[in-house]
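Just so it is clear, none of the values below were taken in a lab; they were calculated from the coordinates. For clarity, every value in this text was computed on a predicted model and none was experimentally measured. Cβ coordinates were reconstructed from backbone atoms using ideal geometry, including for glycine residues, and neighbour counts include every protein chain displayed.
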Amino acid sequence: MFRNRLDAARQLAERLDHLKGERPLVLAIPRGGVPMGRLIADAIDGELDVVLVRKLGAPGNPEFAIGAVSEDGSIQLEEEARYCRDEVLNREVERQRERIAERRRRYTPVRSPIDPTGRVVVVVDDGSATGATMAAALATLRQRQPKRLIAAIGVAPPDTLTRLEALADEVVCLASPSRFYAVGPFFADFAQVEDEDVIRLLGEHAT
């Protein structure tokens, strides 16, 4: 178990120390991945931004991912999405696209997203249950032709890691328990990260 997100981030930064000198682009998945991304970017002399993807929640159970949508509009669907009516799925996709657009306006109002083309890119999140959100982020970024694409995660189940390994050049995960129900129980402190925290962390410069 990790003490908190920063504890996990420090451990990931140690595993990513070989990237120093590459000026990596660290792309955090909001909101929980952003405090981790800030620490990792500072530790490996990288640049921090967010990659905006949103989980598509199942009808009646929004915490269960039936897919994900990315900032560029691309959609990744899980097998379970076939049980969802088209009109319900389309409404959920549109709702999450609006949330993504709103977040970009709030998070980086005075600049565009940082271009990952030709960069060593590290995608950071605190954990990944089904892998839907991280998979959508990786698939979207791969189209932008990064030099190298790395997924850095605190905790994820083994089948999720297998899925992500097919999408990334490297997957760094600190814990992969076979019994996995949710990300939160693996952190002693899993306090919610607010939008204000994300805005502040994105505005900080590497030290």
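With contacts taken as Cα pairs under 8 Å and at least 6 residues apart, the chain reaches a relative contact order of 25 percent. A cut-off of 5 Å between modelled amide H atoms, ignoring neighbours fewer than 5 places along the same chain, links residue 173 with 153. When each of 102, 63 is scored by the number of other beta-carbon atoms lying within 10 Å, the sequence from fewest to most is 63, 102. Here the Gaussian network model covers the chain, with springs between Cα atoms less than 10 Å apart; of 163, 95, 111, 111 fluctuates the most.
Only DSSP H runs of four or more residues enter the estimate; each adds -39500 (n - 2.57), and after division by the residues of the chain the mean residue ellipticity at 222 nm equals -11000 deg cm²/dmol. Taking the Cα centre of the chain as origin and assigning +1 to Lys and Arg Cβ atoms and -1 to Asp and Glu Cβ atoms, the resulting dipole is close to 240 debye. Counted over region 54-107 with a bin width of 10 Å, the fraction of Cα pairs per bin, in whole percents, is 26, 56, 17, 2.
Kirkwood hydrodynamic radius computed over region 85-207 comes to 16.4 Å, based on all pairs of distinct alpha carbons. Of all DSSP bridge pairs formed entirely within the chain, close to 30 percent run antiparallel. Here's how it looks for residue 56: its modeled amide H is under 5 Å from those of 66, 67, 68, 69, which are all 5 or more places away or on a different chain.
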